[in-house]
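Engineer: My questions all concern the structure below.
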């Protein structure tokens, strides 16, 4: 990187810092995005059930483990009550109404839980595959409290992915170096010449 004087300068990289829990972003849908401002996200949890067995040629008597079932715990998002009808319609499509059961051709969608750095850039993206809303809860209405009214939506999903991204650290500007101005040539000062005084006429001293 060159500064204003044309000299090459190096910009030191900032050390990698752990992500903070309050910097996250939720994206729902592939192509057709559902917008919702979430304030809280429960932890993503996966568990693999295993079966113990003993190999026939094992002389040690040690049980081995083999994976059998993989389970993903439902995840819950909480947000303040806002008027996003597209998100609410998706919840209704996965539930029964007064005359029919679940309906809609796009019940299962992809959810991206993005962990952001302090610059607002995505560092980690957890992908929840085949997610579908399975629960809804409205926080308690109480006239004696001043808390924000919250909606909570629970999703079930059947696959988990995780992508990491290199941090994009904005380049720092090199400190501006002051360029000393070139000295101006000094004018030669000539000594001031005083004019010669005109000769004073001598007074007549009288005739001899």
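Read-outs throughout are calculated quantities, based only on the coordinates presented, and are distinct from any laboratory measurement. What you see is a predicted model, and the numbers here were worked out from it, not measured in a lab. In this analysis, Cβ positions are derived from the backbone assuming ideal geometry, glycine residues included, and neighbour counts consider all displayed protein chains.
Engineer: Hey, rough spin-label estimate for residue 176 and residue 96, points 7 angstrom out along Cα→Cβ, what's it come to in nanometres?
Structural biologist: My value for the distance between the label points is 7.1 nm.
Engineer: Relative contact order for segment 24-164: what percent, with Cα pairs under 8 Å and sequence separation of 6 or more?
Structural biologist: RCO, segment 24-164: 25 percent.
Engineer: What order, most packed first, do the peptides 67-78, 42-53 have when packing is the mean number of other Cβ atoms within 10 Å of each residue?
Structural biologist: In decreasing order of mean packing, 67-78, 42-53 become 67-78, 42-53.
Engineer: Say R0 is 30 Å: what FRET efficiency, to the nearest 0.05, do residue 130 and residue 81 get from their beta-carbon distance?
Structural biologist: Here the calculated transfer efficiency is 0.65.
Engineer: Go ahead and run the numbers for FRET between residue 138 and residue 69, Cβ-Cβ distance against an R0 of 35 Å, rounding to 0.05.
Structural biologist: 0.55
Engineer: Can you give the Rg and Dmax of segment 24-164 based on its C-alpha atoms, in angstrom?
Structural biologist: When restricted to Cα atoms, segment 24-164 yields Rg and Dmax of 19.9, 70 Å.
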